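Reading through the structure tokens given below for one structure.
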Amino acid sequence: MLSHFEKIYKYIWPKGRYDIKFRIVLALSVLILAKIITVLVPYFYKWATDSITGNNSMPAMFPLAVFTPIVLIISFGVGRTMMVGFSQLRDAIFAKVGQNAVRAIGRDSFKHIHKLSLRFHLDRKTGKLNRIVDRGMKGIENILRLAVLNTFPTVFEFLFVAIILLYQFDWRYLLVVVIVVFSYVIFTFAYSSQRNYYRKQMNLSDEEANYKSVDALLNFETVKHFNNEKMEADRFESAMEGYEKSSIKVLTSLSILNFGQTLIFTIGLTVCMVMSGMDVMSGTQTIGDFVMINALLMQLAIPLNFFGFIYREVSQGLVDLNSLISIMSINPEIKDKVNASPLKINSGQISFNNVSFYYNKKRNILRSIDFNIPQGSSLAIVGPTGAGKSTISRLLFRFYDITSGSIKIDSQDIRDITQDSLRRQIGIVPQDTVLFNDTIEYNIKYGKIDASKEEVETVIDQSQLREFINSLPDGLNTIVGERGLKLSGGEKQRVAIARAILKNPRILVLDEATSSLDTLTEKEIKDSLVNLSKKQTTLIIAHRLSTVISADKILVLNKGELVEEGDHKSLLKKNGLYSDMWFTQQDIEKAEETLKKVKPEYKKLINK
Ligand code: ATP
């Protein structure tokens with residue numbers, strides 16, 4: 001528990017935020033004032049009762065002529081109003097402190113999650129992660145509000161009451177109250193830690209249910225394609241069933257906790273009232289004392305009851321925050337070295353030197369890959385599916401560290417430079433383009449956030465998007481839908497090409513960059529890409545060999561090994577894997593051509 005407090009300390013008492021610290025101090029001062037009034041209110045009750053029964057028990061410093069029974073009753077009312085007023089004022093002052101902490105932890109966790117490596121993100125379940133962050137943010141607010149605003153003042157109030165008990169009554173009363181408070185706290189602690197177990201179970205089921213519902217929603221079309229709505233609903237329900245069971249346990253155990261707390265307190269209150277009643281009868285106390293002990297203890301019941309609630313909420317908040325803090329404690333797999341310097345790019349030459357790599361120890365993906373892409377030239381990697389082509393581009397981005405060998409850009413090992421400077425110099429058109437659910441313009445500008453209107457217009461032409469955008473009622477302001485699903489595969493890919501051109505990187509990776517385009521559009525875009533790759537060092541990954549003929553060099557990758565290399569002509573002469581793949585694809589393309597001849601409207605259709 002202590003380590004949690006250490007971690008959340010910076011959110012409770014934020015460095016350099018004097019405004020927040022001032023608010024905390026102010027809220028605590030108002031609170032102490034409220035507590036002093038709270039403890040004095042029973043005195044007015046006692047004095048009013050005594051003066052009504054003709055027994056003046058007020059200290060001599062209060063002039064009797066002013067403090068008539070009616071004035072005392074009104075003073076009691078005013079005291080109670082002030083007590084409530086100050087408590088509300090405290091909450092109002094403190095609101096900003098809590099919300100500031102929520103924002104700070106939200107921001108930090110967002111930044112941290114984005115710092116985590118690809119491996120973490122491929123393993124994560126979005127719905128689950130969302131829930132953890134949400135609950136963690138609420139957790140910190142509860143902890144702050146309750147622990148700071150209530151634990152300390154409750155202790156203060158108890159000490160104050162203890163002094164009054166000793167002064168106004170005697171040690172026997174104090175002893176009873178100490179025993180009550182002690183038993184109350186022990187019982188609350190013991191029982192609440194048991195409840196935390198149920199709470200954890202409840203959270204787990206909640207995360208599970210949320211992950212299943214988010215996953216099913218993201219795959220909405222697939223669910224429909226396979227008529228699996230019922231199966232998805234059942235999966236969701238089974239997670240909700242777990243949630244239902246554990247939340248019932250949380251709620252029923254709360255009733256037991258509440259009852260136990262009230263029982264302990266009521267026994268203490270009754271004992272004190274019996275003692276006071278006997279003292280009144282024996283003449284050592286007044287009726288005012290009898291009502292005062294009752295009022296004093298009833299008032300103590302509020303923070304004490306609250307203390308149970310605080311402990312419950314704070315420990316639940318800690319359980320919630322714990323999951324978020326565990327995520328925030330995960331070390332990113334790929335980290336910059338302490339003395340990492342920014343990439344100094346001269347020519348943009350890339351070299352893979354004897355690179356081997358696996359995602360999982362049990363399965364090697366790349367073996368001793370060796371190649372060099374000189375400045376401004378293009379290298380294509382082709383090969384069967386699963387050979388490891390895209391993995392090479394992931395390694396170039398340093399999403400994973402290689403197992404052995406080295407990857408260098410202009411003779412600088414990418415492990416020695418900062419990730420930010422590395423990725424700033426590389427642009428990619430990925431195999432599967434995923435867009436942000438925003439406008440087309442936003443998605444294009446993602447390549448260069450501060451791009452001018454003219455720059456955007458130019459790349460729209462270069463990526464053959466003009467006609468498409470003009471045909472849209474909202475043009476560039478069209479919202480592309482979740483993950484860009486309102487656009488066709490080819491349209492998405494052209495947006496990806498546009499943003500890569502806009503980024504204008506020194507190194508360009510084209511991972512099946514034109515695979516979703518029809519032959520005509522592909523030919524048109526190719527000119528832009530060729531122009532671009534004249535200036536840049538380009539790595540092309542492709543299935544369709546017709547797209548790599550013009551590459552300066554072609555590598556053939558098979559099962560993680562380089563099996564052939566050369567330019568298009570020399571590879572054909574080798575009669576190896578490349579020429580096999582080439583002739584098979586030629587046959588397919590010829591068949592497509594024939595189909596086009598048979599159906600003259602085909603071309604029109606594909607260009608629609
Ligand atoms: P394709 O042409 O089908 O896109 P590829 O040659 O680009 O294939 P890669 O995506 O590099 O292939 O994948 C190479 C192998 O690594 C595949 O067998 C794939 O299953 C495996 N792989 C890819 N990513 C991961 C990952 N994150 N964890 C474990 N294995 C992975």
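The values are calculated or read from the model by the stated rules, or taken from the named source; none is laboratory data. What you see is a predicted model, and the numbers here were worked out from it, not measured in a lab. Glycine also receives a Cβ, built like all others from the backbone with ideal geometry; neighbour counts cover every protein chain displayed. Quick note on the areas: whole protein, heavy atoms, side chains included, nothing else; ligands and nucleic acids left out. Shrake-Rupley method; radii C 1.70, N 1.55, O 1.52, S 1.80 Å.
A residue that is crowded, with 19+ Cβ neighbours inside 10 Å, at pLDDT below 85 and not in a helix (DSSP H, G or I) cannot be found anywhere in the range 185-205. Each residue in the range 338-391 was checked for being in a loop (DSSP other than H, G, I, E, B) and near the ligand (Cβ under 9 Å from one of its atoms), and 6 of them qualify. Restricting the range 506-519 to residues that are in contact with a Leu (Cβ under 9 Å, 6 or more places away or on another chain) and not small (Gly, Ala, Ser) leaves a set whose member that is farthest from Ile392 (Cα to Cα) is Thr514.
If you scan the range 120-131, which residues turn out to be buried (at least 18 other Cβ atoms within 10 Å of the Cβ) and either at pLDDT 85 or above or farther than 16 Å from Val319 by Cβ (or both)? Step through it out loud before you land on a result.
To start, the set of residues in the range 120-131 that are buried (at least 18 other Cβ atoms within 10 Å of the Cβ) comprises 127-129, 131.
Listed by number, the residues that qualify are Gly127, Leu129.
Each residue in the range 562-583 was checked for being open to solvent by less than 80 Å² (accessible area, probe 1.4 Å) and either of a type in the set (A, V, I, L, M, F, W, C) or modelled with pLDDT under 85 (or both), and 8 pass. When we screen Ala239, Ala301, Ala233 for residues that are open to solvent by less than 70 Å² (accessible area, probe 1.4 Å) and closer than 30 Å to Arg172 by Cα, the only hit is Ala301. Against the conditions (1) within 16 Å of the ligand (Cβ to nearest atom); (2) farther than 24 Å from Arg119 by Cα; (3) of a type in the set (D, E, K, R), Arg394 satisfies every one except (2).
Looking at (1) open to solvent by 50 Å² or more (accessible area, probe 1.4 Å); (2) at pLDDT below 90; (3) hydrophobic (A, V, I, L, M, F, W, C), which is the one condition that is false for Met278? Looking at each condition in turn, Met278 falls short on (2).
Residues in the range 456-488 that are open to solvent by 60 Å² or more (accessible area, probe 1.4 Å) and within 34 Å of the chain's Cα centre (by Cα): Asp474, Asn477, Ile479, Glu482, Arg483, Leu485, Lys486. You will find that of Ile327, Ile293, the residue that is under 30 Å from Val271 (Cβ atoms), open to solvent by less than 40 Å² (accessible area, probe 1.4 Å) and out of contact with any Lys or Arg (no Cβ under 8 Å at 6 or more places or on another chain) is Ile293 and no other.
Could you please give the count of residues in the range 117-167 that are in contact (Cβ under 8 Å) with a residue 12 or more places away in the chain, out of contact with any Pro (no Cβ under 6 Å at 6 or more places or on another chain) and within 16 Å of the ligand (Cβ to nearest atom)?
Quick first cut of the range 117-167, residues in contact (Cβ under 8 Å) with a residue 12 or more places away in the chain only: 117-120, 125-133, 135-154, 156-158, 160-162, 164-165.
Filter once more, keeping what is out of contact with any Pro (no Cβ under 6 Å at 6 or more places or on another chain): 118-120, 125-133, 135-153, 156, 158, 160-162, 164-165.
Filter once more, keeping what is within 16 Å of the ligand (Cβ to nearest atom): 118-120, 125.
Residues in the range 117-167 being in contact (Cβ under 8 Å) with a residue 12 or more places away in the chain, out of contact with any Pro (no Cβ under 6 Å at 6 or more places or on another chain) and within 16 Å of the ligand (Cβ to nearest atom): 4 in total.
Kindly indicate the residue of the range 406-440 that is open to solvent by 10 Å² or more (accessible area, probe 1.4 Å), free of Cβ contacts under 8 Å to residues at least 60 places away in the same chain and within 16 Å of the ligand (Cβ to nearest atom) and also farthest from Pro374 (Cα to Cα) among those meeting that condition. Step by step, filter the range 406-440, then rank; the result is Val434. On inspection, His114 passes the criterion of being more than 16 Å from the ligand (Cβ to nearest atom) and without any contact (Cβ under 8 Å) to a residue 12 or more places away in the chain.
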